[in-house]
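S.K.: Before I ask anything, let me first share the structure, which is written out below as structure tokens.
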């Protein structure tokens, strides 16, 4: 009996050690995305940003530049021919080839870090109204990140790069064409060229019919499809922001309302920003994200959608920004851009809102069932009804002088949109939470509420318990 007890204790200790080492080869990397450099509208060059990232312990830095930051007021259905365009700094202006050349140079200069490319893109926008009266630009600040391109042609192939779905104002366009054709018809009729006038009128009617019958394209879906087709990872940047509703230049009204409902309506991106400069309620227990994932588990959605951090970084110190205040811990199989991209697609990450004076990380987060099967955040599997969640938080670098290290850290365990348990842990102290699950499909995730260490949202474990 004693031997059986010793063997059991040894088995539990070994499994606990394995769980705490996070699958041995899959230690989390500190990843930072949504960073702009002077290749678009950021203030700093690659060299400065790389130095800051090294200083703050960033393993992977992704430059997600504006691919095309242009506002075009054009007449439909040929806005690229008849229209006015205002260009802002972007890869379209500074050069896509130069961006990748500089990225290659940076990778050679800093072999200990990983650098990734990407874009923050506007899939499309629409104008309404007429100038000097009620001209309004809709959804110009509805942004999607496309992470992972390695060549200039991949960025040029995105529909945002040629403003393919940037629509001009319908009313203004209709007034223009009707007035233009009307004036020409009057001139032709006065010159007794009735046949030409009749031909012009018939052509104009055919032109209007073709224009008005044009298929309406979901610009967001078209962009996501184009990016995913090239293997990129797509992210809704700031779904709950209210900053897109304001007066713009020359009397134009900007109107990009919060788009959380679009985020959780298929077809959708691979992920959404759970932490960014503003706040929304997408990740509250029982909110839009939990409902989407529950529906995914019963087959109502084609794919899951993951939570990330996206800080929209432009300049050190601007509006309280600093490089690294919205990081992620990502469990990747190797230290390579391809492995990081693969891990993101699997949901193997947690999102942080970090405080500048601390650098907290998740060293271990996994779920283990009674058979010894272990899962990372984002994994889907059939498990036994009894599972254990392992969590270990640390501060990096470990200076031995942890600020408030003894203060309890609150942890919420959310199961199927409901807070199942509210727990506490401490830095460098392993936490284990036992959980019994009824037969069926379950979505289990951990959250560290926003408190003195900023806040953390982990992607869920997607579990099925047999009857």
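S.K.: Filter the strands (runs of 3 or more DSSP E) completely within region 196-282 down to those with at least 2 residues that are under 26 Å from residue 156 (Cβ atoms) and in the same structural domain as residue 308 (by TED's automatic domain parsing).
M.R.: Here the list reads 233-236, 271-275.
S.K.: Given the criteria surrounded by 14 or more Cβ atoms within 10 Å (Cβ to Cβ) and either touching a residue at least 40 places away in the same chain (Cβ under 8 Å) or closer than 26 Å to residue 242 by Cβ (or both), does residue 131 qualify?
M.R.: It is false that residue 131 is surrounded by 14 or more Cβ atoms within 10 Å (Cβ to Cβ) and either touching a residue at least 40 places away in the same chain (Cβ under 8 Å) or closer than 26 Å to residue 242 by Cβ (or both).
S.K.: In this structure, is residue 126 in the same structural domain as residue 82 (by TED's automatic domain parsing) and in contact with a strand residue (DSSP E or B) (Cβ under 7 Å, 6 or more places away or on another chain)?
M.R.: yes
S.K.: A further question on this structure: Evaluate region 291-307: report whether one residue or more is touching a helix residue (DSSP H, G or I) at 6+ places or on another chain (Cβ under 6 Å) and under 23 Å from residue 410 (Cβ atoms).
M.R.: No - not one qualifying residue is present in region 291-307.
S.K.: Same structure, new question: From the list 346, 356, which one is at pLDDT 95 or above and under 29 Å from residue 118 (Cα atoms)?
M.R.: Of the residues listed, the single one that is at pLDDT 95 or above and under 29 Å from residue 118 (Cα atoms) is 346.
S.K.: Taking the stated definitions as given, is residue 175 in contact with a strand residue (DSSP E or B) (Cβ under 6 Å, 6 or more places away or on another chain) and either surrounded by 15 or more Cβ atoms within 10 Å (Cβ to Cβ) or closer than 24 Å to residue 252 by Cβ (or both)?
M.R.: no
S.K.: Name the single residue that is surrounded by the fewest Cβ atoms within 10 Å (Cβ to Cβ) among those in region 152-172 being farther than 25 Å from residue 263 by Cα and in contact with a strand residue (DSSP E or B) (Cβ under 9 Å, 6 or more places away or on another chain).
M.R.: Looking at residues that are farther than 25 Å from residue 263 by Cα and in contact with a strand residue (DSSP E or B) (Cβ under 9 Å, 6 or more places away or on another chain), I get 171.
S.K.: If you don't mind, there's one more thing I want to ask. Which residues, counting only those in region 70-81, are assigned to a loop (DSSP other than H, G, I, E, B) and in contact (Cβ under 8 Å) with a residue 40 or more places away in the chain?
M.R.: Answer for region 70-81, where residues must be assigned to a loop (DSSP other than H, G, I, E, B) and in contact (Cβ under 8 Å) with a residue 40 or more places away in the chain: 75, 76, 77, 79, 80.
S.K.: Can residue 372 be described as surrounded by fewer than 21 Cβ atoms within 10 Å (Cβ to Cβ), on the phi > 0 side of the Ramachandran plot and touching a residue at least 12 places away in the same chain (Cβ under 8 Å)?
M.R.: Spelling it out, residue 372 is indeed surrounded by fewer than 21 Cβ atoms within 10 Å (Cβ to Cβ), on the phi > 0 side of the Ramachandran plot and touching a residue at least 12 places away in the same chain (Cβ under 8 Å).
S.K.: Mind checking whether some residue in region 184-198 is surrounded by 13 or more Cβ atoms within 10 Å (Cβ to Cβ) and under 16 Å from the mean Cα position of the chain (by Cα)?
M.R.: No, there is no match, as no residue in region 184-198 is surrounded by 13 or more Cβ atoms within 10 Å (Cβ to Cβ) and under 16 Å from the mean Cα position of the chain (by Cα).
S.K.: Residues of region 458-467 being at pLDDT 90 or above and either more than 13 Å from residue 369 (Cβ to Cβ) or assigned to a strand (DSSP E or B) (or both), which ones?
M.R.: 458, 459, 460, 461, 462, 463, 464, 465
S.K.: Take the conditions under 44 Å from the mean Cα position of the chain (by Cα), without any contact (Cβ under 8 Å) to a residue 12 or more places away in the chain and over 25 Å from residue 122 (Cβ atoms) and apply them to residue 209. Does it pass?
M.R.: So residue 209 passes the test.
S.K.: Just wondering, is there one or more residues in region 29-46 that are surrounded by fewer than 23 Cβ atoms within 10 Å (Cβ to Cβ) and assigned to a strand (DSSP E or B)?
M.R.: Yes; the residues of region 29-46 include at least one that is surrounded by fewer than 23 Cβ atoms within 10 Å (Cβ to Cβ) and assigned to a strand (DSSP E or B).
S.K.: Would you kindly identify the strands (runs of 3 or more DSSP E) lying entirely within region 406-457 that contain at least 2 residues that are surrounded by fewer than 15 Cβ atoms within 10 Å (Cβ to Cβ)?
M.R.: So the answer is 418-425, 431-436.
S.K.: Residues that are closer than 22 Å to residue 417 by Cβ and assigned by TED's automatic domain parsing to the domain that holds residue 445: list the strands (runs of 3 or more DSSP E) wholly contained in region 283-393 that include at least 3 such residues.
M.R.: 306-309, 349-352, 360-369, 380-383
The values are calculated or read from the model by the stated rules, or taken from the named source; none is laboratory data. Everything numeric here is computed off the predicted structure, so don't read it as measured data. Cβ coordinates were reconstructed from backbone atoms using ideal geometry, including for glycine residues, and neighbour counts include every protein chain displayed.
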